[in-house]
Amino acid sequence: MIHDQMFQSQFLADAPLKWRHADQQFPRPDPFWRDWLLETGSLTRRLKELSQGTFRVNVLVEGWVLGTGRQALLFGQHRSRQLLWSRHVELCLYDKPWVAAHSLIPLSSLRGSLRQLVKLRDRPLGGFLFDQPDLKRSEPELVCLDGCWGRRSVFSLQGNPLLVAELFLPAMVDSLREKTRK
């Protein structure tokens, strides 16, 4: 099941899924999903605004992994065998996981102030990223898994790439639908 914690920790930003740009995606996301998937601002900030103080980050697993050629292509790099910081988290509201997220950061990107990205613990990555004045973001690629939508983008900070993918979980949809009924 999609909301199983084991699946969430296996949701990979670089998974060989049918990632597509929004205009190429089939089926196309409905307006509700397009609003969330194509959001250009901070997902963390948006979730915090909805959370009534219940937002938290649950770290599932994080640590160093050896990169592959597939990952190097996503980063636009040629060195495939490099170390990457891999971080799987859940973004939770009302004590339920709403988003499963996976980030990959090449060791070569962790220079200067970016070194702190391996020490976030239960702080959200988005909280750091969207406070950076030189943040750039690629057009998101979308995927639909078992009826749940996900997105991924390559961010660039100080010219250094990092990959972030987010999968929106059933608890989020259920909670938002319940709020609109009230």
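The values are calculated or read from the model by the stated rules, or taken from the named source; none is laboratory data. This is a predicted model, so every value here is computed, not measured. Ideal geometry is used to build each Cβ from the backbone, glycine not excepted, and the neighbour counts take in all protein chains shown.
So here's what we get for this one:
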quantity	calculated
Identity of the residue in the range 1-10, assigned to a loop (DSSP other than H, G, I, E, B) and exposed (fewer than 14 other Cβ atoms within 10 Å of the Cβ), that ends up modelled with the lowest pLDDT	MET1
Selected residue (criterion: surrounded by the fewest Cβ atoms within 10 Å (Cβ to Cβ)) from residues of the range 74-107 that are of a type in the set (Gly, Ala, Ser) and over 18 Å from the mean Cα position of the chain (by Cα)	GLY76
Output for the range 11-53, where each listed residue is touching a Cys at 6+ places or on another chain (Cβ under 8 Å) and surrounded by 15 or more Cβ atoms within 10 Å (Cβ to Cβ)	GLN25, PRO29
Any hit, the range 73-80, residues being in contact with a helix residue (DSSP H, G or I) (Cβ under 8 Å, 6 or more places away or on another chain) and farther than 29 Å from ASP23 by Cα	yes
Only listed residue being touching a Leu at 6+ places or on another chain (Cβ under 7 Å) and either among the small types (Gly, Ala, Ser) or surrounded by 18 or more Cβ atoms within 10 Å (Cβ to Cβ) (or both), chosen from PHE168, PHE155	PHE155
Among (1) surrounded by 18 or more Cβ atoms within 10 Å (Cβ to Cβ); (2) modelled with pLDDT under 90; (3) farther than 15 Å from ALA165 by Cα, the one test that GLN71 misses	(3)
Of all residues making up the range 82-101, the number that are in contact with an Asp or Glu (Cβ under 8 Å, 6 or more places away or on another chain) and more than 22 Å from SER175 (Cα to Cα)	4
Cβ-Cβ under 6 Å pairs, at least 6 apart or on other chains, the range 65-77 side within 19 Å of GLU139 (Cα to Cα), far side of a type in the set (A, V, I, L, M) and modelled with pLDDT of 80 or more	LEU74/LEU163
Selected residue (only one of ARG121, ARG111, ARG151 is touching a residue at least 40 places away in the same chain (Cβ under 8 Å) and in contact with a helix residue (DSSP H, G or I) (Cβ under 8 Å, 6 or more places away or on another chain))	ARG151
Yes/no for PRO29 being free of Cβ contacts under 8 Å to residues at least 60 places away in the same chain and assigned to a loop (DSSP other than H, G, I, E, B)	no
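Residue-by-condition table, conditions (1) modelled with pLDDT of 95 or more; (2) under 16 Å from PHE75 (Cα atoms); (3) surrounded by fewer than 18 Cβ atoms within 10 Å (Cβ to Cβ):
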| position | (1), (2), (3) |
| --- | --- |
| GLY112 | no, no, yes |
| PRO133 | no, no, yes |
| GLU141 | no, yes, no |
| ASP146 | no, no, yes |
| TRP149 | no, no, no |
| PRO161 | no, yes, no |
| THR180 | no, no, yes |
